[in-house]
Structures are given as C-alpha cells and as structure tokens.
Amino acid sequence: MAVERTLAMIKPDAVARDLGGRILAHYEQEGFKILACKRTRLSRAEAEAFYAVHRERPFFDSLCEFMTSGPIFAVALEREDAITLLRKVMGATNPADAEAGTIRALYAENIERNSVHGSDVPETATQELAFHFAGRELL
Ligand code: CMP
C-alpha cells in the first residue's frame, strides 16, 4: 500500500466549537502524520474556487457562505492509503448516515455543517494540497 498525502479541512462549524484539537488528535490516533496545519479563513473567491466542481449544485451558494463564515484549519496528512482511509475516518457526508465513531458522527451538525472535508481521489488531493500549501511547507 503506497504512502499518500491528502488534504483535510476542519470547517467553520467545528473551529467555532473549539473542536480543532480533538479532530487533529483523531487523525493522529488513526495513524496519520500531520505534515502541516494552518488556521486560515477562505475568501468568497477562494471558497468558490475550492468547491468549483459543485458550482451547478443547488447548495453551492450556501456552502460558500458557510465556508467563509469563520476560520478553518487546513491540514496536510500523510499515511499509507491516506485518501481512502481519511474518508472512512470522516464518515458519510450526511452525519445522519455516518458510522458511529467517525468524525462526522461525533461532531457534524448537518449535511452542510459537517465539520470536516477530505480529498476524494489522488488528483484532487494533489490540487487541494497545492491550494493551501506551498511545496516547501510539507516536510
Ligand atoms: P465536503 O466533503 O466538503 O464536499 C462538499 C460539501 O458540500 C460537503 O462536504 C458538504 O459540506 C456540502 N454538501 C454536500 N451535499 C450537500 C447537500 N445536499 N446540502 C447541503 N450541503 C451539501
């Protein structure tokens, strides 16, 4: 199994409830190395660019509004099979469908305010890591 890097975001709903540290600890308990972590806030243009793939979806405007509503943590993670595993550890997009013990089952408020994001496939992970981090920041 190859060692991979993936991008996580701890979203405004979770940061506002001071859950950042607990979620970072959750990643570490699941064997992820935290390569880089920054607290930042997305501009409207950045949120629209990050979620451009969802541009035509009915929830796009509301999603961008939410993602710019407060600070986030952008997190670069590394481990074997990181991309698939992070999505398991996060749980389903809708917390109502998320398996017990997953981050979204534990912390998410609803399908939009779902506490965390993780890249879905290797190409997206590369793009999303570059969106938040310069190469020299990922040691
Ligand atoms: P994320 O994994 O960051 O990818 C896209 C985001 O859009 C998703 O998490 C949710 O925050 C949001 N989202 C996805 N589906 C819906 C939906 N049906 N209604 C509202 N928000 C959604």
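Asp18 to Arg136: extension gain in nm, 0.36 nm per residue of separation minus the Cα-Cα distance?
Numbers: separation 118, 0.36 × 118 = 42.48 nm, distance 2.84 nm.
Length gained, Asp18 through Arg136: 39.6 nm.
Leaving ligands, DNA and RNA out of it, report the carbon-plus-sulfur percent of the accessible area of the chain at a 1.4 Å probe. Its accessible area is 49 percent carbon and sulfur atoms.
When Lys and Arg each count +1 and Asp and Glu each count -1, what net charge do the other residues less than 13 Å away from His132, Cβ to Cβ, add up to?
Details: positive: Arg5, Lys38, Arg39, Arg41; negative: Glu46, Glu128, Glu137.
In short, +1.
Starting from the Cα gyration tensor of the stretch 63-139, take the square roots of the eigenvalues, sort them a ≥ b ≥ c, and report rounded, prolate or oblate (rounded when a/c is under 1.5, otherwise prolate if a/b is larger than b/c, else oblate). Oblate shape, in that a/c is at least 1.5 and b/c is the bigger or equal ratio. Volume of the convex hull of the chain (Cα atoms only), normalised per residue: 103 Å³. Here the Karplus curve 6.51 cos²θ - 1.76 cosθ + 1.60, taken at θ = phi - 60°, turns the phi angles of the stretch 6-16 into couplings of 9, 10, 10, 10, 9, 7, x, 5, 6, 5, 4 Hz, with x standing for Gly and Pro.
The mean accessible area for residues of the chain, using a 1.4 Å probe and ignoring ligands and nucleic acids, is 52 Å² per residue.
Rounded to the nearest 500, what is the chain's calculated 222 nm mean residue ellipticity when only DSSP H runs of at least 4 contribute -39500 (n - 2.57) each, over all residues?
Working: 7 runs with 55 residues, N = 139.
Rounded to the nearest 500, it is -10500 deg cm²/dmol.
Over all Cα atoms in the stretch 1-51, the spread is summed up by Rg and Dmax: 12.9, 38 Å.
For Leu35, the residues 5 or more places off, or on other chains, whose built amide H falls under 5 Å of its own are Ala76, Leu77, Glu78.
The values are calculated or read from the model by the stated rules, or taken from the named source; none is laboratory data. Quantities reported herein were computed from a predicted structural model and do not represent experimental measurements. So basically every Cβ, Gly included, is an ideal-geometry build from the backbone, and we count neighbours across all protein chains shown. Ligands, DNA and RNA are excluded from the accessible area calculation, which covers all protein heavy atoms including side chains. Shrake-Rupley method; radii C 1.70, N 1.55, O 1.52, S 1.80 Å.
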